[in-house]
Amino acid sequence: MSPLFKAKMGGACWLMCFLTSVFLLIVSGKLIVPGDAAATATNLLANEGLFLSGTALLLISTAFYVGATLFVYEVLKPVNRSLSLLAAFFSLVGCAVGALSCLFDFAPFVLLKGAPYLNVFTPEQLQALAYMFLAVRAQANNIGLVFFGLHCFGVGYLIFRSTFMSRIIGLLMLMAGTGWLTFLVPAITKSLAPFNMMPGAIGEVSLAFWLVVKGVNIQRWHEQAENSARFVSAEA
C-alpha cells in the first residue's frame with residue numbers, strides 16, 4: 001500500500017468514527033437526563049432499542065478508530081517510529097477502555113425490568129442503581145478520552161515534525177490532545193464542558209478531511225522515510 005492510500009484510508013476511518021460518535025451523543029442526550037434517575041429510567045425502558053443501538057454505534061466507532069490509528073501510525077512512522085508506536089499504543093488502550101465500558105449499558109435494563117430477585121429493592125433504589133451504572137460508564141469514557149488525548153498529542157507532534165504534511169494540522173492536533181487531556185481532572189471537565197470538547201472535534205475533523213482530500217506529499221514522505229532508515233542504520 002502506498003503512503004497516499006494509507007493516509008486516505010486513515011482519514012476515512014477517522015471521519016467515520018467522528019460521524020458515528022456524533023449520532024451517539026445525540027442518542028445519549030435524548031435519553032439520559034442529568035441528575036434525574038427516574039426520568040432516565042423511564043426513557044431507557046421506553047427506548048431500549050434506540051439506547052442499545054447507541055451501544056452498537058460506540059463499538060463501530062471504536063473499530064473505525066482502531067483502523068484510523070493503525071493507518072496513521074504507518075503514515076507517521078518515518079518521522080519517529082518509536083513515538084508513532086507509543087501514540088498508537090495510547091489510542092488502542094483508549095479504544096479498549098471504550099469498548100469495555102459498553103458492558104455497563106446492559107446493567108440498567110437488568111435492574112429496571114423487574115426480575116423477582118430484585119423485589120428487595122424499591123423502584124427508586126433500582127432507578128438510582130441503574131443511573132449509577134450509566135455514571136460509571138461515563139467515567140470510563142472520560143478515562144478513554146484521556147488516552148485519546150495522549151494519542152492526538154503524539155500525532156500532532158509527529159505531523160508538526162514531518163516534512164510531508166501541514167504544520168497547521170499538527171498544531172490543531174496538539175490543541176485537540178490538550179482538550180481531551182482536560183478529562184483527566186473531573187473538576188476541570190465539569191467547569192469547561194462542553195467547550196473542552198471543541199479543540200478535539202476541530203483538530204480531529206481537520207486531520208480527517210486533510211488526509212482524505214490531500215493525503216501526504218509522497219516524494220517528501222519517501223525522502224523522510226529514507227533519512228529515517230539511514231539514521232537507524234547509522235545507530236546500529
For this session: Provide a single number: the residues in the range 169-217 that are assigned to a helix (DSSP H, G or I), closer than 22 Å to PRO3 by Cα and not hydrophobic (A, V, I, L, M, F, W, C).
Result: 4
For this session: Starting from the range 103-127, take each residue that is without any contact (Cβ under 8 Å) to a residue 60 or more places away in the chain and list its partners that are in a loop (DSSP other than H, G, I, E, B), counting only C-beta distances under 7 angstrom and pairs at least six apart or across chains.
Result: none
Problem set entry | Matching residues in the range 29-51 - criterion: being part of a helix (DSSP H, G or I), within 25 Å of the chain's Cα centre (by Cα) and surrounded by fewer than 16 Cβ atoms within 10 Å (Cβ to Cβ) | GLY29, LYS30, GLU48, GLY49, LEU50
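Per-residue answers, yes or no, for (1) buried (at least 17 other Cβ atoms within 10 Å of the Cβ); (2) β-branched (Val, Ile, Thr); (3) closer than 20 Å to GLY11 by Cα:
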residue	(1), (2), (3)
VAL185	no, yes, no
LYS190	no, no, no
PRO194	no, no, no
ILE202	no, yes, yes
LEU207	yes, no, yes
TRP210	yes, no, yes
GLN219	no, no, yes
ASN227	no, no, no
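Rundown of residues vs (1) more than 23 Å from ASP105 (Cβ to Cβ); (2) in contact (Cβ under 8 Å) with a residue 60 or more places away in the chain; (3) touching a Pro at 6+ places or on another chain (Cβ under 8 Å), yes/no style:
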residue: GLY11; (1), (2), (3): yes, yes, no
residue: VAL27; (1), (2), (3): no, no, no
residue: ILE32; (1), (2), (3): no, yes, no
residue: THR42; (1), (2), (3): no, no, no
residue: LEU45; (1), (2), (3): no, yes, no
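Read the figures in this text as sums done on the coordinates, not as results from a lab. These numbers were taken from a predicted model, which means no experiment stands behind them. Glycine also receives a Cβ, built like all others from the backbone with ideal geometry; neighbour counts cover every protein chain displayed.
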